[in-house]
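The values are calculated or read from the model by the stated rules, or taken from the named source; none is laboratory data. Keep in mind the model is a prediction, meaning the values are calculated, not measured. We place every Cβ from the backbone using ideal geometry, glycine too, and count neighbours over all the protein chains shown.
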């Protein structure tokens with residue numbers, strides 16, 4: 001492939017099976033103010049209450065390197081599952097899930113190389129199934145995946161820094 005065509009130039013197949021593999025285990029789910037508003041409406045709660053009950057501030061990165069302050073992430077249960085993951089029924093806010101959840105597995109760290117995509121496929125049975133997404137769609141999803149640019153791009157690294 002030429003240098004300007006990504007390794008996934010022919011597209012990538014993915015279909016969510018709603019198995020929750022991406023909802024369980026270590027990692028941060030970043031949420032914007034708008035997403036908190038959507039969650040508040042879906043949960044029929046005030047935004048401040050949603051913030052207090054379901055979110056926390058991630059540890060700030062070094063200001064001298066990144067210039068940013070703390071970011072808002074969803075809380076996790078003691079077993080590190082997403083606060084909204086319910087065994088037996090799945091995501092309790094699926095229709096209002098954050099952008100980061102909507103764009104999985106099309107995150108920069110996952111589509112970075114064929115190797116990282118294949119590694120993620122061992123955890124996600126939806127990778128390699130369903131309709132192929134065009135390279136242009138994948139690039140757009142990666143660009144707007146909901147993960148702050150000043151943060152690391154992998155679930156494990158983000159979990160370790162918080």
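Of note:
- Going through (1) over 18 Å from residue 18 (Cβ atoms); (2) modelled with pLDDT of 95 or more; (3) assigned to a loop (DSSP other than H, G, I, E, B) one by one, residue 105 falls short only on (1).
- Qualifying positions in region 75-86 - surrounded by 12 or more Cβ atoms within 10 Å (Cβ to Cβ) and touching a strand residue (DSSP E or B) at 6+ places or on another chain (Cβ under 8 Å): 75, 76, 82, 83, 84, 85
- Of the helices (runs of 4 or more DSSP H) lying entirely inside region 1-90, those containing at least 1 residues that are farther than 30 Å from residue 136 by Cα and either in contact with a helix residue (DSSP H, G or I) (Cβ under 6 Å, 6 or more places away or on another chain) or at pLDDT 95 or above (or both) span 33-43, 47-54.
- Residue in region 114-137 that is nearest to residue 9 (Cα to Cα), counting only those that are touching a residue at least 12 places away in the same chain (Cβ under 8 Å) and in contact with a helix residue (DSSP H, G or I) (Cβ under 8 Å, 6 or more places away or on another chain): 133
- If you filter region 87-133 down to residues that are within 14 Å of the chain's Cα centre (by Cα) and over 20 Å from residue 24 (Cβ atoms), you find that the one that is surrounded by the fewest Cβ atoms within 10 Å (Cβ to Cβ) is 108.
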